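Novice: Below are the structure tokens for one structure; questions will follow.
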Amino acid sequence: MSTVTVVGIGADGWGGLPRNSQDIVTAAEVVVGGQRHLDLVPEVPRQVRRTWPSPLRDGLAALLAQYDGRNLVALASGDPLLSGVGTTLVELLGAERVDIVPAVSSVALAHARMGWSYESTTIVSLVGRPVDRLARHLAPGRRLIVLSADETTPAAVAALLDEHGMGEAEVVAWSRLGAPDEWRERGSAAGWSAEVATLNLLCITCPADAPSYGLTPGLPDEAFEHDGQLTKRDVRATALARLEPRPGQLLWDVGAGAGSIAIEWMRAHPTCEAVAVEASPERAQRISRNATRLGQPQLRVVTGAAPDALTDLPTPDAIFIGGGAGRDGVLDACLAALEPGGRLVAHAVTIETETLLVAAQREHGGQLTRIWIESAEPLGSMSGWRPSRAVIQWSLQR
Ligand SMILES: C[S@@+](CC[C@H](N)C(=O)[O-])C[C@H]1O[C@@H](n2cnc3c(N)ncnc32)[C@H](O)[C@@H]1O
């Protein structure tokens, strides 16, 4: 099978392309790209020109098969591997069958215009992603570079910043970076109303005194909307310590309640994924609300009771059973799903479930821990320790 060459092209168009890239495009038998990119490239006799199929992923394999053996060049904006079609092609064909010829990316141009180093910024793409994902990256004094989906993104981002107490954030919107008519709008998030091009990118400075949550698991209980069915802060932190989130890994949060374990698992790294399984439809909706507000709108929520609801889920790297460990078949189904290296943490507050966990530990090994949190509270004119219900935790590494 033949290779595909992906040529990056900047907003300055054909004239801004190095000679080498121009030659690659001119020599191509087939050029594939968005209409905007195809319009930038001079016509060549007998060259076939095709726009991207829609939906892209489904149509791409057929399009590539149609021109297999021909010299095919794809056009992308800037660096094709930055939130671009280069990534899709590599996923589809493998890196050895895709040659990438990058141009200067919009992010590189933004860094240059702002005088910001790469090391001092977080880069977030909202292309094809919900704006709420930005919430995870908000932190006092932090610089963010945000790739917009279109001209509606800046206003949506400004509203999100405002909602999170960051109305004072400074936003610089760059339109058509690198083009002769490039322009810049600057303002604070609160009251943002500037006009931008479809092709735009945001440089944001979060206010230094903005409210935000810390990086380690164990967010305050108030961070979550809940009806009491919430793994409380200190207990949650120990569960996550034993679940050990790692980049790209998947967690099942079984009996998810308010979804706090799944959400904190995902906050550990942008590539962490989770499925929250919750029998109550009302709680399932609450989990989605919590996930969206805390920057994890991509959390998958399955409304249904375990073990049946676990049947078709993708293989997990870790499993948390916060509710329902005592229900018939739940523990067995979770243990069966756990692959070598996988971690399981199950909590019990009833004697019946505790008995089950003790038996499971005898059979499978792992660690039993009793967590009994006492918090100081006013007692008359003095203070005293108020104990919470003890939680029995069984943790296992396969
Ligand atoms: C699918 S991403 C592609 C990024 C591209 N691969 C790059 O290297 O710049 C598209 C987003 O990148 C940003 N972008 C790309 N070119 C831009 C430009 N010339 N000016 C401003 N933003 C640009 C916009 O946020 C746009 O919605």
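The values are calculated or read from the model by the stated rules, or taken from the named source; none is laboratory data. Everything quoted here is computed from the prediction, not taken from an experiment. Here the Cβ positions follow ideal geometry from the backbone for every residue, glycine too, while neighbour counts run over all protein chains shown. We work out accessible area using only protein heavy atoms, side chains counted, and drop any ligands, DNA or RNA first. Shrake-Rupley method; radii C 1.70, N 1.55, O 1.52, S 1.80 Å.
Novice: Give, in nm to one decimal, the length gained when the segment between residue 315 and residue 20 is fully stretched (0.36 nm per residue of separation minus the Cα-Cα distance).
Specialist: Between residue 315 and residue 20, full extension yields 101.6 nm more.
Novice: Also, quick follow-up: Can you compute the charge dipole magnitude of the chain about its Cα centre, using +1 on each Lys and Arg Cβ and -1 on each Asp and Glu Cβ, nothing else charged? Give it in debye, rounded to the nearest 20.
Specialist: My answer is approximately 380 debye.
Novice: Give me P(r) over the chain, computed from all C-alpha to C-alpha distances, binned every 10 Å, as integer percentages.
Specialist: 5, 19, 23, 21, 18, 10, 4, 1, 0, 0
Novice: Turning to a different aspect of this structure: Using the Cα centre as the reference, give the magnitude of the dipole from point charges on the C-beta atoms of segment 4-104 (Lys, Arg: +1; Asp, Glu: -1; all else neutral), rounded to the nearest 20 debye.
Specialist: Values: 8 positive and 11 negative charges, 40 e Å.
For this selection, approximately 200 debye.
Novice: Okay, next question. For helix 153-163, report the angle its Cα long axis makes with the longest principal axis of the Cα atoms of the chain; keep it between 0 and 90° and round to the nearest 10°.
Specialist: Tilt of helix 153-163: around 30 degrees.
Novice: Evaluate Rg over Rh across segment 31-189, taking Cα atoms for both radii and Kirkwood's formula for Rh. Please list the in-between numbers first.
Specialist: Values: Rg = 18.2 Å, Rh = 17.8 Å.
Rg divided by Rh gives 1.02.
Novice: State the dimensionless ratio Rg/Rh of segment 290-398 (Rg: radius of gyration of Cα atoms; Rh: Kirkwood radius).
Specialist: Values: Rg = 17.2 Å, Rh = 16.0 Å.
On the Cα set of segment 290-398, Rg over Rh gives 1.07.
Novice: Where is the GNM fluctuation largest for the chain (alpha-carbon springs, 10 angstrom cutoff): 37, 364, 164?
Specialist: 364
Novice: Here's another thing I want to ask about it. Counting only protein heavy atoms and a 1.4 Å probe, tell me what percentage of the chain's accessible area is made up of carbon and sulfur.
Specialist: Ligands and nucleic acids excluded, carbon and sulfur reach 50 percent.
Novice: Please compute the Kirkwood hydrodynamic radius over segment 107-205, one decimal place, Å, based on all pairs of different Cα atoms.
Specialist: After inverting the mean inverse Cα-Cα distance, the result is 13.2 Å.
Novice: Given the Cα-Cα distance of residue 234 and residue 193 and 0.36 nm per residue of separation, how much length would full extension add, in nm?
Specialist: Difference between extended and current length: 10.5 nm.
Novice: Something else: In debye, nearest 20, what is the charge dipole magnitude of segment 243-336 about its Cα centre with +1 on Lys and Arg Cβ and -1 on Asp and Glu Cβ, if you could check?
Specialist: It comes to approximately 420 debye.
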